[in-house]
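Please read the structure below before turning to the comments.
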Ligand SMILES: Cc1cc2nc3c(=O)[nH]c(=O)nc-3n(C[C@H](O)[C@H](O)[C@H](O)COP(=O)(O)O)c2cc1C
């Protein structure tokens with residue numbers, strides 16, 4: 001019988017680190033069952049191989065270390081750590097280009113020296129916080145129901161909520177970033193909220209259909225500009241899908257390159273810390289790294305109308 005420790009480590013590294021998925025055939029029993037400790041779902045060797053190829057597609061430099069392998073007769077446990085760079089999109093989730101690390105353990109049984117059953121315990125939270133998806137499988141397969149944390153459906157009509165929102169006065173911001181080619185991007189947004197002063201956290205909600213969204217999702221930093229009563233045409237530009245929204249604008253880059261628009265009432269640059277998924281939108285949580293204030297009077301927005309923040313006259 002081959003040394004199970006050496007065989008498992010070699011096949012594991014071949015499959016996960018180099019994509020040689022058929023190396024698993026040497027250590028896995030034909031009746032192999034893989035169970036997820038979290039969801040209780042089971043799969044076989046073919047699904048495991050496809051999962052490995054999917055994960056390696058998104059993280060081509062994936063590297064897995066077998067931290068500990070314990071074998072006790074026909075029982076075994078493997079403790080592992082994987083690191084990789086999120087280089088290619090995972091289903092609908094754009095790559096962030098960031099290195100992520102995830103750890104897990106597999107406990108299982110052997111039959112004739114081959115792995116016949118595995119129960120995989122994997123705390124996905126570290127990895128998923130960076131990916132911004134609720135579960136890895138839901139990122140691959142849109143039709144697999146996600147574990148229900150909260151059912152967001154309800155009897156309230158869209159009109160009722162619209163009516164509620166129309167009673168709320170806000171300012172108007174332009175959220176900006178630069179894309180991978182260094183091109184400035186941005187959209188008008190009134191979903192800005194301050195979260196805390198210590199640490200200095202803010203949030204903004206962005207619709208995933210926004211053309212600015214992929215650049216924002218991949219960015220490390222973003223800019224938030226509070227528009228002034230002199231910038232009515234700037235709102236129109238940034239609430240549109242005009243290709244070069246910055247063409248006739250004066251702006252300067254923050255310390256990390258985020259466009260800060262001249263003439264705004266105030267502007268911040270912030271480092272993106274979290275990307276929470278809220279169905280059609282992503283909630284970006286960012287830590288403010290730079291802040292600029294001017295005397296320009298801010299613009300006010302209510303139910304489709306824009307007002308001067310000092311005189312309250314409609315703009
Ligand atoms: C006052 C106002 C507030 C808006 N707030 C948001 C917002 O918070 N989040 C969002 O995703 N879109 C918001 N929008 C809509 C976007 O600005 C609009 O969809 C824009 O065309 C997006 O541009 P893009 O697709 O080029 O990124 C708002 C529009 C206006 C006029």
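Below, the figures for the structure above:
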read-out: Residue in the stretch 253-261 that is in contact with a strand residue (DSSP E or B) (Cβ under 9 Å, 6 or more places away or on another chain), within 25 Å of residue 85 (Cα to Cα) and touching a residue at least 40 places away in the same chain (Cβ under 8 Å) present; value: yes
read-out: Test: residue in the stretch 34-42 that is surrounded by 16 or more Cβ atoms within 10 Å (Cβ to Cβ) and without any contact (Cβ under 8 Å) to a residue 40 or more places away in the chain; value: no
read-out: Residue in the stretch 132-146 that is at pLDDT 65 or above, assigned to a helix (DSSP H, G or I) and over 18 Å from residue 11 (Cα atoms) present; value: no
read-out: Considering residues of the stretch 173-205 that are assigned to a loop (DSSP other than H, G, I, E, B) and closer than 21 Å to residue 280 by Cβ only, the residue farthest from the ligand (Cβ to nearest atom); value: 192
read-out: Any hit, the stretch 206-217, residues being closer than 19 Å to residue 89 by Cα, in a strand (DSSP E or B), in contact with a helix residue (DSSP H, G or I) (Cβ under 9 Å, 6 or more places away or on another chain) and within 13 Å of the ligand (Cβ to nearest atom); value: yes
read-out: Among residues of the stretch 234-260, those that are away from the ligand (no atom under 14 Å from the Cβ), closer than 14 Å to residue 175 by Cβ and in a loop (DSSP other than H, G, I, E, B), counted; value: 2
read-out: Failed item, numbered, when residue 226 is tested on (1) surrounded by fewer than 20 Cβ atoms within 10 Å (Cβ to Cβ); (2) over 27 Å from residue 99 (Cβ atoms); (3) in contact (Cβ under 8 Å) with a residue 60 or more places away in the chain; value: (1)
read-out: Residue 288, sole failed condition from (1) under 29 Å from residue 164 (Cα atoms); (2) touching a strand residue (DSSP E or B) at 6+ places or on another chain (Cβ under 7 Å); value: (1)
read-out: Subset of the stretch 274-308 (residues that are modelled with pLDDT under 95, away from the ligand (no atom under 13 Å from the Cβ) and either under 25 Å from residue 257 (Cα atoms) or not assigned by TED's automatic domain parsing to the domain that holds residue 173 (or both)); value: 274, 275, 276
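The values are calculated or read from the model by the stated rules, or taken from the named source; none is laboratory data. Note that the structure is a prediction, hence the values are computed from the model and not measured. Here Cβ is always computed from backbone atoms with ideal geometry, including for glycine, and neighbour counts include all displayed protein chains.
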